[in-house]
Amino acid sequence: MQLNLGIPDWLRAKFSYGWWIVASGVVINALISGLFMQAYGTYVSVWRDSFGWNNTLLSGGYSTIQGTTGAVAPIQGWLTDKFGPRKILRIGLVLMGLGLIALSTVNSIEFFYLTLILIALGVSFGGFLSLMVAIVNWFEKRRALAISFLVTGFALGGLLVPLTSLSLEIIGWRTTAFISGLIIIAFAFPITQIIKHRPEDMGMLVDGKVLDPGDTSTKEDLEIEENKKNFTLKEALTSKPFWFLSLGHSTSLLIISAVQVHLVSHLQNTMNMTLVQTGLIVSVITTAQIVGTFGGGYLGDRWSKQKLGFIAMIGQAGGLFLLTFSNSIGLIIVFAIVHGSIWGMRGPIMLALRADYFGRKNFGKIMGASQFIMTSGMVIGPLFSGLLADRTGDYEQGFIILACVALLGSIFFILLRKPSKTENPLNNL
């Protein structure tokens with residue numbers, strides 16, 4: 001089955017329905033990213049001036065979002081595998097929209113944190129993990145490329161950050177948050193209609209192949225072959241690659257989250273940049289991220305994902321060192337290009353590795369458990385940087401420590417090997 005939108009047959013024949021799911025995910029990710037997640041650092045600057053809250057409190061807000069998404073990820077993975085991604089996405093997008101509307105009324109730190117928890121639940125259920133379950137089920141040969149497109153949605157959202165920054169300056173953060181909530185509900189929610197859980201539900205196979213309903217032998221052979229590839233959650237949890245991947249990914253997210261939250265404040269403090277100028281630097285990061293994402297998807301389907309993951313870890317740490325010691329616009333732009341391109345390349349590679357290693361049948365459960373570990377990096381990175389910045393007066397010390405931790409985290413990718421179900425004696429328990 002193909003989605004017919006008036007597109008010529010010769011063109012539709014080249015694209016399986018899975019690519020329409022990818023396109024839907026790109027739009028949803030872009031809206032979530034551009035309206036709030038990548039714009040959080042810009043909001044931080046405004047909230048600090050409006051309420052007088054320090055970096056630790058505001059970093060704690062971002063860490064609360066990431067901690068919440070990590071805490072619910074195992075449950076979300078189970079729900080998504082059981083009920084399908086569309087239902088979970090719809091619940092999440094409504095929660096996020098209502099959370100942003102509630103955020104526009106915040107006047108106390110307690111209510112601020114409560115609204116962020118609501119937004120976090122929305123971002124989690126309505127975002128990446130739910131979409132990943134669908135993508136992994138529809139692709140195998142071009143899985144890294146498909147994931148790279150999905151990740152690009154988050155990157156494309158960065159192009160909306162200058163508009164969000166401009167909106168914050170012109171109409172204020174409260175009105176911006178309220179309108180953003182309405183946009184999520186009005187535009188992102190209807191797009192979920194396109195999302196389908198598995199190709200088998202539509203009489204198709206992975207990678208767009210058509211299933212012959214009369215060929216029972218083929219079905220049985222395919223089921224046997226799939227069972228060989230698919231790990232249960234228990235089997236994944238008792239394998240070393242699961243932990244190496246999760247911990248390595250977590251250390252890379254220390255840098256991503258710290259930069260995402262504190263880049264604007266750091267550039268304002270060290271370079272005296274305005275919100276609009278910092279928004280343009282974010283756009284450079286985003287542009288580089290898009291290029292890197294496609295590069296990661298292309299290379300990931302052709303080269304060793306393990307080696308590419310190791311290279312990405314080294315590059316990401318080097319980028320943070322560059323940001324820490326940059327003293328000119330030129331060096332900041334170089335940092336933006338390095339950080340964005342490596343960030344983009346890393347995402348599809350590390351995500352595709354899990355599906356390659358553990359299969360697609362229980363991907364939601366396995367990815368949810370892994371995300372619970374990964375988000376520790378998203379929680380610790382900004383909180384640690386903000387705390388040291390409040391104590392020392394700048395971000396230098398915190399950024400240096402995080403870069404060193406990421407360098408150590410690259411060791412996990414050196415140790416990484418594809419697991420075998422037969423090698424683990426615990427699987428027979």
(request) Could you tell me whether the stretch 148-167 includes any residue that is in a helix (DSSP H, G or I) and more than 22 Å from the chain's Cα centre (by Cα)? (result) yes
(request) Take the stretch 27-55 and flag every residue that is free of Cβ contacts under 8 Å to residues at least 60 places away in the same chain and either crowded, with 18+ Cβ neighbours inside 10 Å or not aromatic (Phe, Trp, Tyr) (or both). (result) Asp49, Gly52
(message) Which numbered condition in (1) touching a Ser or Thr at 6+ places or on another chain (Cβ under 6 Å); (2) at pLDDT below 85; (3) over 20 Å from Val282 (Cβ atoms) is the only one that Asn427 fails?
(response) (1)
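Would you mind stating whether Ser265 is of a type in the set (Gly, Ala, Ser), at pLDDT below 85, in contact with a Lys or Arg (Cβ under 8 Å, 6 or more places away or on another chain) and part of a helix (DSSP H, G or I)?
Criteria met by Ser265.
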(request) Select from the stretch 271-290 the residues that are surrounded by fewer than 19 Cβ atoms within 10 Å (Cβ to Cβ), without any contact (Cβ under 8 Å) to a residue 60 or more places away in the chain and in a helix (DSSP H, G or I) and list them in ascending order. (result) Gln277, Val284
(request) Please find, among Phe139, Phe125, Phe178, Phe112, the residue that is under 15 Å from Thr68 (Cβ atoms) and over 14 Å from the mean Cα position of the chain (by Cα). (result) Phe112
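Residues checked against (1) modelled with pLDDT of 85 or more; (2) among the hydroxyl-bearing types (Ser, Thr, Tyr); (3) touching a strand residue (DSSP E or B) at 6+ places or on another chain (Cβ under 7 Å):
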{"site": "Met1", "(1), (2), (3)": "no, no, yes"}
{"site": "Ile7", "(1), (2), (3)": "no, no, no"}
{"site": "Trp19", "(1), (2), (3)": "yes, no, no"}
{"site": "Val22", "(1), (2), (3)": "yes, no, no"}
{"site": "Val26", "(1), (2), (3)": "yes, no, no"}
{"site": "Ala30", "(1), (2), (3)": "yes, no, no"}
{"site": "Leu35", "(1), (2), (3)": "yes, no, no"}
{"site": "Tyr43", "(1), (2), (3)": "yes, yes, no"}
{"site": "Ser59", "(1), (2), (3)": "no, yes, no"}
(request) Looking for whichever is of a type in the set (A, V, I, L, M, F, W, C) and within 19 Å of the chain's Cα centre (by Cα) here; the options are Val284, Val264, Val276. Which one fits? (result) Val284
(message) Here is a list: Gly158, Gly172, Gly153. Which entry is of a type in the set (Gly, Ala, Ser) and surrounded by fewer than 16 Cβ atoms within 10 Å (Cβ to Cβ)?
(response) Gly172
(request) Looking at (1) surrounded by fewer than 17 Cβ atoms within 10 Å (Cβ to Cβ); (2) at pLDDT below 85, find the lone condition where Ser257 falls short. (result) (1)
(request) Determine if the stretch 148-167 includes at least one residue that is among the hydrophobic types (A, V, I, L, M, F, W, C), more than 22 Å from Ser50 (Cβ to Cβ) and at pLDDT 90 or above. (result) no
(request) Read through the list (1) surrounded by 15 or more Cβ atoms within 10 Å (Cβ to Cβ); (2) modelled with pLDDT of 90 or more, then give the number of the only condition that Ala186 fails. (result) (1)
(message) Just to confirm my filter: which helices (runs of 4 or more DSSP H) fall fully inside the stretch 342-420 and include at least 1 residues that are of a type in the set (A, V, I, L, M) and crowded, with 17+ Cβ neighbours inside 10 Å?
(response) 363-392, 396-409
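Would you call Leu58 within 19 Å of Gly381 (Cβ to Cβ), surrounded by 24 or more Cβ atoms within 10 Å (Cβ to Cβ) and aliphatic (A, V, I, L, M)?
yes
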(request) With the condition kept exactly as written, say whether any residue in the stretch 296-319 is closer than 18 Å to Gln38 by Cα and of a type in the set (Val, Ile, Thr). (result) no
(request) Among what's in the stretch 291-309 and is touching a Ser or Thr at 6+ places or on another chain (Cβ under 7 Å) and crowded, with 21+ Cβ neighbours inside 10 Å, pick the residue that is farthest from Tyr357 (Cα to Cα). (result) Gly292
(request) Those residues that are β-branched (Val, Ile, Thr) and more than 19 Å from Leu95 (Cα to Cα), I need them from the stretch 21-75; list them, please. (result) Ile21, Val22, Val26, Thr42, Val44, Val46, Thr56
(request) Among the residues of the stretch 388-412, write down those that are among the β-branched types (Val, Ile, Thr) and under 14 Å from Asn55 (Cα atoms). (result) Thr392
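The values are calculated or read from the model by the stated rules, or taken from the named source; none is laboratory data. All figures in this text were calculated on a predicted structure; none of them were measured in a lab. Heads up, the Cβs are rebuilt from the backbone with ideal geometry, glycines too, and the neighbour counts pull from every protein chain shown.
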